[in-house]
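Readers should treat all values here as calculations from the given coordinates under stated rules, not as data from a laboratory. As the structure is a computational prediction, the values presented were derived from the model and not from experiment. Here the Cβ positions follow ideal geometry from the backbone for every residue, glycine too, while neighbour counts run over all protein chains shown.
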Amino acid sequence: MTIDRLLGTSLLDTPALVAVWVLVVGGVAGLVALGARTARPSRTGATGPGGPRRWWTRTLPACIGTAVAATATGGLLVEKVFRPFPDALPPAVYVWIAVGLFALILGAVAAVGGSRARRPWCVAGAVLAVISVVVGAGGHVNRMYAEYPTLGSPFGWSDHRTVSLAEVPGSTPATIGGDLPPGTPLDSVWTPPPTMPQRGAITEASIPGTASGFVARPAQIYLPPAYFTDPRPLLPVLVLLPGQPGTPTDWVVSGRLPVVADAFAARHAGLSPVVVVADPIGEPLGNTLCVDSGRGNARTYLAEDVPDWIHRNLQVDTGPRSMAIGGLSFGGTCALQMALSDPEVYPTFLDLSGQGEPTIGTRADTVDRFFGGDEAAFREHNPADVLAHRRFPGLAGAFVTGTSDSEYGPATRALYSAALAAGIDAHLSELPGGHSYAVWSAGLEHELPWLAQRMGLIR
């Protein structure tokens, strides 16, 4: 097996599920056995922590209780005090955190017992068992979110082509598609040249907040194979947004953007939308609510700075339906907000598991911190309220949710119904899974044909 094939091993399929269960069960069993072993009297008469009976009746239950108490305390601090995320973590995440903490505590007890009994193999075994459990528990959490889809993704390994911005070909004098009659798709007049590359490429660019003053992290840009041809077809642009917390790179690694887009391009003679993954957050745990406020002018950045940079630096379609905006979770809410506030810029949107409303945790905190306590100002930016009082006959959008997403699914369905009532040409797709990249990556793949048709790329 080559190194690339090994690093490309899936962490989300059935063999991976079996592997993480083996790691957890085997590691816990090993730690319990080592703890019991080191608690028995040694040949010199010394004992480990409390002797065998005390180990089973007091030490082991104490380790379990400590792990549960520490997890509960940490959960309260995260959910009620610091609130780094706008939404609560699923209970299953806390279960696996508790399992990992239990392994660390039990491992420390077993290692101390092994050291006192002068059994270095017990210490080494405890360390290996702890690693096994922690990796297995982390694997279970990863399966919930699909954050790292392959064995190599946690280490920065990529299965896609990358180029620097300086390597991206400049504008070509001859283009295809700029003078097509209305309703004529680009693929009807496109023939790929033999020199076209087989795959597209990811490049990175810093998009300055010229009008907004917003300081964003570098954007990730997918350029399809057809972009690297001369003459060049004028392609539409999809602006994608990450969740919160999150970075633009998440769409490339966890969302498998280049894999999904390359597969689409392979079916359409190298054609695909150019995808610009922009940053509407600015910092790892920040939250701009996708509005202009004291925490950053995110709306102006997305409505003016991002489109202006794209049209100045990339040779793409500039027609009235040539741009769309989409995102996941916070990014899905933001995409809907932008489509409603600036439909002339983004007449098409993709809301993947978006929130019911812009939030930093509670309605009261959100209104207080971002809108100075002005409920009416909040409602002007809240999609549900906007949809209830305005109509958007020229707007089109796709809503996607996971069938087991009990927290975000109802909100997505409610907003879909509100969008229909407001005259939006909307549709809803429900895909297997929860609130995770497994759904969002599949959602992008599922909706790309519709987006490409809507933006005039394919029949």
* Using the Karplus equation 6.51 cos²θ - 1.76 cosθ + 1.60 (θ = phi - 60°), what ³J(HN,Hα) coupling, rounded to whole Hz, does each residue of the stretch 415-429 give in order, writing x for Gly and Pro? -> 5, 4, 4, 5, 5, 4, 5, 8, x, 7, 7, 10, 9, 10, 10
* Structure fact -> Karplus-derived 3J(HN,Hα) from phi for the stretch 259-267 (6.51 cos²θ - 1.76 cosθ + 1.60, θ = phi - 60°), whole Hz, x at Gly and Pro, runs 5, 5, 5, 5, 5, 5, 4, 4, 8
* Which label belongs to the value computed from this structure, given these candidates for Cα Rg over 2.2 N^0.38 Å: [x] 1.02; [y] 1.15; [z] 0.94? -> [y]
* To do: Let me have the relative contact order for the stretch 3-154, percent, based on Cα pairs under 8 Å that are six or more residues apart.
  => 42
* Segment residue 155-residue 413, extension gain: residue separation times 0.36 nm, minus the distance between their alpha carbons -> 89.2 nm
* **Segment residue 7-residue 379, extension gain: residue separation times 0.36 nm, minus the distance between their alpha carbons** => 129.2 nm
* Of all DSSP beta bridges in the stretch 271-414, antiparallel share, percent nearest 5 -> 20
* To do: Restricting to the chain, compute how many DSSP beta bridges are antiparallel as a %, nearest 5.
  => 30
* Order these peptides, 388-397, 134-143, by their mean beta-carbon neighbour count within 10 angstrom, highest first. => 134-143, 388-397
* Pairing the Cα long axis of helix 120-145 with the longest principal axis of the chain, what angle in degrees results, from 0 to 90 and rounded to the nearest 10? -> 30
* Cα centroid of the stretch 373-420 to Cα centroid of the stretch 129-195, whole Å -> 29
* Unpartnered cysteines - no second Cys beta carbon under 4.7 Å - across the chain -> 63, 122
* To do: Calculate, for residue 68 and residue 368, the FRET efficiency according to 1/(1 + (r/R0)^6) with r their C-beta to C-beta distance and R0 60 Å; round to the nearest 0.05.
  => 0.95
* Asked: So what is the relative contact order of the chain, in percent, for Cα pairs below 8 Å that sit 6 or more residues apart?
  -> 14
* To do: Please list the non-local residues whose amide H lies under 5 Å from the amide H of residue 219, H modeled 1.01 Å from N, same-chain partners needing a gap of 5 or more.
  => 205, 206, 207
* To do: Work out, in µm²/s and without decimals, the Stokes-Einstein translational diffusion coefficient of the stretch 278-390 at 37 °C, 0.692 mPa s, Rh from Kirkwood over C-alpha pairs.
  => 226
* Asked: Kirkwood hydrodynamic radius for the stretch 336-394: how many Å is it when counted over pairs of different Cα atoms?
  -> 12.4
* Computed [θ] at 222 nm, helices only, for the chain once each DSSP H run of length n ≥ 4 contributes -39500 (n - 2.57) -> -13500 deg cm²/dmol
* Structure fact -> Residue-ordered couplings for the stretch 104-118, obtained by feeding phi - 60° into the Karplus form 6.51 cos²θ - 1.76 cosθ + 1.60 and rounding to whole Hz (Gly and Pro as x), are 5, 5, 5, x, 5, 4, 5, 5, 4, x, x, 5, 5, 7, 6
* Normalised contact order of the stretch 128-282, rounded percent, pairs of Cα under 8 Å and 6 or more residues apart -> 26
